[in-house]
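S.K.: A single structure is presented below for examination.
The values are calculated or read from the model by the stated rules, or taken from the named source; none is laboratory data. Predicted, not measured: the structure shown is a model, and the values here were computed from it. Reconstructed Cβ throughout: ideal geometry from the backbone, glycine too, with neighbour counts over all protein chains shown. SASA here: full protein model, heavy atoms, side chains in, ligands and nucleic acids out. Shrake-Rupley method; radii C 1.70, N 1.55, O 1.52, S 1.80 Å.
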Amino acid sequence: MILKGHKTPEERLNRIISDISRYMNYLGMVSLGMAGGQYEIKFLPYSKSYDEHPFWLINKLEYIKNMVNKGLSETKKK
């Protein structure tokens, strides 16, 4: 597990925030017209194709993308 060596909740939270901010570099905004936009995976690390990356990395990018898009859609409803 990523957070095995971190003891305090603050250290764990800082590790998660830094991990998310690092992987946000690979996401880009896609315009959806007047409705705004969503994030999609635009840039992959190491300049390789989608299939050449490990499953865990693609899975992590997809999870972060889905959660960011879910947060954006909830803020647009207000």
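S.K.: Give me the percent of the accessible area of region 9-77 that comes from carbon and sulfur atoms, probe 1.4 Å, all protein chains in place. Show your work: numbers first, answer last.
M.R.: Values: 2990 of 5190 Å².
Carbon and sulfur atoms account for 58 percent of the accessible area of region 9-77.
S.K.: List nothing, just return the count: lysine pairs in region 9-77, 8 or more apart or interchain, with Cα separation under 17 Å. All intermediate terms of the calculation are to be shown ahead of the outcome.
M.R.: Values: K42/K60; K42/K65; K48/K60; K60/K70; K65/K76.
Lysine pairs meeting both conditions in region 9-77 amount to 5.
S.K.: Pairs of Cα atoms under 8 Å, at least six residues apart: use those to get the relative contact order of region 9-77, whole percent.
M.R.: Details: 43 pairs, mean separation 18.2, N = 69.
Answer for region 9-77 is 26 percent.
S.K.: Multiplying the sequence separation of E40 and H53 by 0.36 nm and subtracting their Cα-Cα distance, what value in nm do you get? If you can, show how the numbers build up before the last one.
M.R.: Working: separation 13, 0.36 × 13 = 4.68 nm, distance 1.65 nm.
Going from the current span to full extension adds 3.0 nm.
S.K.: I need the phi-derived Karplus couplings for region 14-26: 6.51 cos²θ - 1.76 cosθ + 1.60, θ = phi - 60°, integer Hz, Gly and Pro marked x.
M.R.: Taking θ as phi minus 60°, the curve returns 5, 5, 5, 4, 5, 5, 5, 5, 5, 7, 5, 5, 8 Hz for region 14-26.
S.K.: Right, here's the next one. So, for region 9-77, what is the accessible surface per residue at a probe of 1.4 Å, expressed in square angstrom? Please report the intermediate quantities before stating the final value.
M.R.: Values: 5190 Å² over 69 residues.
About 75 Å² of surface per residue is accessible.
S.K.: Please report the net charge: other residues with Cβ closer than 12 Å to the Cβ of K65, K and R +1, D and E -1.
M.R.: Details: positive: K42, K60, K70; negative: E40, E62.
Once all neighbours under 12 Å are counted, the net charge is +1.
S.K.: Now a separate question. Return the distance in nm (one decimal) between the two label points of a simple spin-label model at L13 and N69, each offset 7 Å from Cα along Cα→Cβ.
M.R.: 2.8
S.K.: Amide H to amide H under 5 Å from G37: which residues, 5+ apart in sequence or cross-chain, H placed 1.01 Å off N in plane?
M.R.: For G37, whose amide H was placed from the backbone, the distant partners under 5 Å are L32.
S.K.: Separate question: What list of ³J(HN,Hα) values in whole Hz, one per residue of region 54-69 in order, does the Karplus curve 6.51 cos²θ - 1.76 cosθ + 1.60 (θ = phi - 60°) give from phi, with Gly and Pro shown as x?
M.R.: So the J values, rounded to whole Hz, are x, 4, 5, 6, 5, 5, 5, 5, 5, 5, 5, 4, 5, 5, 5, 5.
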